[in-house]
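The values are calculated or read from the model by the stated rules, or taken from the named source; none is laboratory data. Owing to the predicted nature of the structure, the values given are computational and were not obtained by experimental measurement. We place every Cβ from the backbone using ideal geometry, glycine too, and count neighbours over all the protein chains shown. Surface accessibility is based on the protein's heavy atoms, side chains included, excluding ligands, DNA and RNA. Shrake-Rupley method; radii C 1.70, N 1.55, O 1.52, S 1.80 Å.
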Amino acid sequence: MTTDGAQRAVVARLPGAAVLGLVAPPGALALPAVRLADPDWTAQVLDDRARRQRTRDRRVLATLWWYSASSVLLTPVLAGLVTGVRLSARLADTSVHLLAGHTPIAATTTAGSGTDLAGELRGSVAAVVAAVAEAGGMRERPLWAIATDSLANRLLALGRAVGDVGAVTALAAPLAAAVGEPLPAPRYVDVRGTRFTRRASCCLLDRVPHEVRCTSCPHRTPFERQVLLEDAAAATQVWSPLAVGRPRTG
């Protein structure tokens, strides 16, 4: 299988692949994923996004950036796992596609050449987390929690895409365990027949002017979160299954 053909094979097997971030839209800027592990480049991204997000809080900016970037970065390799096509999780083999304002929208990668998928994931996440933590002046552990939520959310979305949420989300815990510490164990909760990620992290979106706290934010009270997830579950039964479970609502 050729390098380009590997991800195309995954796309062909997944309904809604473009919505899932596996197809770069026209006009998106292709960026070598190794740039995400550069703290100086990341610091410039945070400076640029500060104007757009109307905050100078470096921790908030870094957290929001990694919440978006980690979700996009992890999608190809997880999609490959679901469809049985081995894709590389190495930063050197991956491109991240950005819209204006340094907004990650898709990622593309090559065919995987090794057998240690968990090791590749650990190396890539560790490298980017270190850069984001340095640029944001924050600890690394909260960024690892974001990574596990992104892993759980992306598998949930992929499970909905292929129509087998149970089987696909069952991949999350053993994969995270293989990656190892400090990646927390991913968790899910079922509410009225709909599965959601039980978040380990907060994206800090509500620290940005005119934004609100996410439905499944771990800072909500259990009762408040349950009521909101029940509402989200009802909406899931009406709208497209691909429209629910994205990073900030899953």
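Computed values, structure above
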read-out	value
Neighbours by Cβ (under 8 Å, 6+ apart or cross-chain): first from the range 131-160, without any contact (Cβ under 8 Å) to a residue 24 or more places away in the chain; second surrounded by fewer than 24 Cβ atoms within 10 Å (Cβ to Cβ) and hydrophobic (A, V, I, L, M, F, W, C)	Arg139/Ala133
Top-ranked residue of the range 99-114 - restricted to ones that are open to solvent by 10 Å² or more (accessible area, probe 1.4 Å) and among the aliphatic types (A, V, I, L, M), ranked as modelled with the lowest pLDDT	Ala100
Neighbours by Cβ (under 7 Å, 6+ apart or cross-chain): first from the range 191-204, closer than 17 Å to Asp149 by Cα and touching a residue at least 40 places away in the same chain (Cβ under 8 Å); second crowded, with 22+ Cβ neighbours inside 10 Å and among the acidic types (Asp, Glu)	Thr197/Asp149; Arg199/Asp149; Ala200/Asp149; Ser201/Asp149
Answer from Ala178, Ala167, Ala173, Ala185 - the residue that is in a loop (DSSP other than H, G, I, E, B), at pLDDT 95 or above, surrounded by fewer than 18 Cβ atoms within 10 Å (Cβ to Cβ) and among the aliphatic types (A, V, I, L, M)	Ala185
Criterion (open to solvent by 60 Å² or more (accessible area, probe 1.4 Å), more than 29 Å from Ala170 (Cα to Cα) and not in a loop (DSSP other than H, G, I, E, B)) met by exactly one of Arg51, Arg56, Arg8	Arg51
Odd one out for Pro222 among (1) modelled with pLDDT of 75 or more; (2) in contact with a Ser or Thr (Cβ under 8 Å, 6 or more places away or on another chain)	(2)
Residue match in the range 144-151 (condition: touching a helix residue (DSSP H, G or I) at 6+ places or on another chain (Cβ under 8 Å) and surrounded by fewer than 24 Cβ atoms within 10 Å (Cβ to Cβ))	yes
The lone exception for Val129 - which of (1) within 17 Å of Thr197 (Cα to Cα); (2) open to solvent by less than 50 Å² (accessible area, probe 1.4 Å) it fails	(1)
Residues being among the aliphatic types (A, V, I, L, M), at negative phi and open to solvent by less than 40 Å² (accessible area, probe 1.4 Å) - total across the range 188-208	3
Close pairs (6 angstrom Cβ cut-off, 6 or more residues apart or separate chains): part of a helix (DSSP H, G or I) in the range 213-236, modelled with pLDDT under 80 anywhere	Leu228/Thr215; Ala232/Thr215; Thr236/Val244
